[in-house]
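The values are calculated or read from the model by the stated rules, or taken from the named source; none is laboratory data. Keep in mind the model is a prediction, meaning the values are calculated, not measured. We place every Cβ from the backbone using ideal geometry, glycine too, and count neighbours over all the protein chains shown.
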Amino acid sequence: MEENFDKTKLILPGAILISAILVSGSVLFYGMSLRLGANVKQAGGVPAKVAVSVGNGPILGSDKAKVTIVEFSDFQCPFCRAFWSDTLGSLKKEYIDTGKVRIVYRNFPLQFHPMSHPSAEAGGCAKDQGKFWEMHDKIFSEQTKQGSGTIQYSVNDLKKWASQIGLDANAFNQCLDSGKYKAEVDKDLADGNTYGVSGTPTFYVNGKVLVGAQPIGAFRAAIDAELK
């Protein structure tokens with residue numbers, strides 16, 4: 001999991017040092033199990049359910065699914081990419097395609113990922129053409145081709161990738177250049193902060209928080225508990 005911080009409070013050397021610490025600390029969160037946020041506990045440690053809105057997030061799965069997973073994610077986050085590559089496929093096969101679960105994608109662009117906000121806006125522009133999930137997969141897959149860790153890319157790359165998945169390039173480019181989805185991405189970020197999201201990826205399984213690039217077993221346990 002990668003966590004957010006306020007860069008405006010740091011001078012350059014401190015920013016470099018703290019960025020390194022955050023990346024190192026993220027590794028510790030990579031395999032963490034189910035965790036309760038500080039603001040989602042009840043007396044006795046019983047998990048509380050947070051009333052998490054789906055916002056205008058794109059949905060994968062049936063509206064009739066008994067379990068809704070709201071994912072707060074960052075397109076430039078390597079741990080979000082790890083969830084996409086290692087877990088989402090199994091989750092889709094076992095639960096989403098069978099009508100038991102739907103997943104809703106919401107944006108939580110971290111300040112130290114310069115392309116996370118433009119990428120989130122690109123997702124909105126792709127959604128306009130009915131291809132959010134294709135763009136979602138493309139952004140992560142193209143980064144995977146370049147290696148592990150945080151990958152640097154540009155707005156021009158986003159435009160190239162959009163064209164490669166068959167989007168109307170002129171419409172997509174105009175949408176992205178106009179900042180049409182900036183406010184919506186900012187709303188996702190603000191909502192995430194309200195719910196207690198501090199890093200990515202963070203998931204709410206019918207309102208119960210699950211943090212980090214969890215293996216499929218952690219999702220099975222959380223989902224099956226809700227299906228019973």
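Data for the structure
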{"item": "Matching residues, region 135-159, being over 17 Å from E71 (Cβ atoms) and surrounded by 14 or more Cβ atoms within 10 Å (Cβ to Cβ)", "result": "K138, E142, Q143, T144, T150, I151, Y153, V155, D157, L158, K159"}
{"item": "Filtered residue count, region 118-144, keeping only those that are without any contact (Cβ under 8 Å) to a residue 24 or more places away in the chain and more than 20 Å from R106 (Cα to Cα)", "result": "1"}
{"item": "Selection from region 111-134 of residues that are of a type in the set (A, V, I, L, M, F, W, C) and crowded, with 21+ Cβ neighbours inside 10 Å", "result": "M115, A120, A122, C125, A126"}
{"item": "Qualifying residue in region 177-189 (condition: closer than 24 Å to Q146 by Cα and either touching a residue at least 60 places away in the same chain (Cβ under 8 Å) or buried (at least 21 other Cβ atoms within 10 Å of the Cβ) (or both))", "result": "no"}
{"item": "Considering residues of region 190-206 that are small (G, A, S) and in contact (Cβ under 8 Å) with a residue 40 or more places away in the chain only, the residue farthest from K138 (Cα to Cα)", "result": "G196"}
{"item": "Positions within region 43-83 being assigned to a strand (DSSP E or B) and either at pLDDT below 95 or hydrophobic (A, V, I, L, M, F, W, C) (or both), in sequence order", "result": "P47, I59, L60, V67, I69, V70, F72"}
{"item": "Top-ranked residue in region 207-228 [being touching a residue at least 40 places away in the same chain (Cβ under 8 Å) and closer than 15 Å to G99 by Cα; ranked as surrounded by the fewest Cβ atoms within 10 Å (Cβ to Cβ)]", "result": "L227"}
{"item": "All positions within region 160-186 that are under 21 Å from the mean Cα position of the chain (by Cα) and not β-branched (V, I, T)", "result": "W161, A162, L176, G179, K180, Y181, K182, A183, E184, D186"}
{"item": "Residue identified as out of contact with any helix residue (DSSP H, G or I) (no Cβ under 7 Å at 6 or more places or on another chain), touching a residue at least 24 places away in the same chain (Cβ under 8 Å) and farther than 23 Å from V52 by Cβ among G147, G166", "result": "G166"}
{"item": "Whichever residue in region 193-206 is over 12 Å from the mean Cα position of the chain (by Cα) and not polar (S, T, N, Q) and, among such residues, is surrounded by the fewest Cβ atoms within 10 Å (Cβ to Cβ)", "result": "G196"}
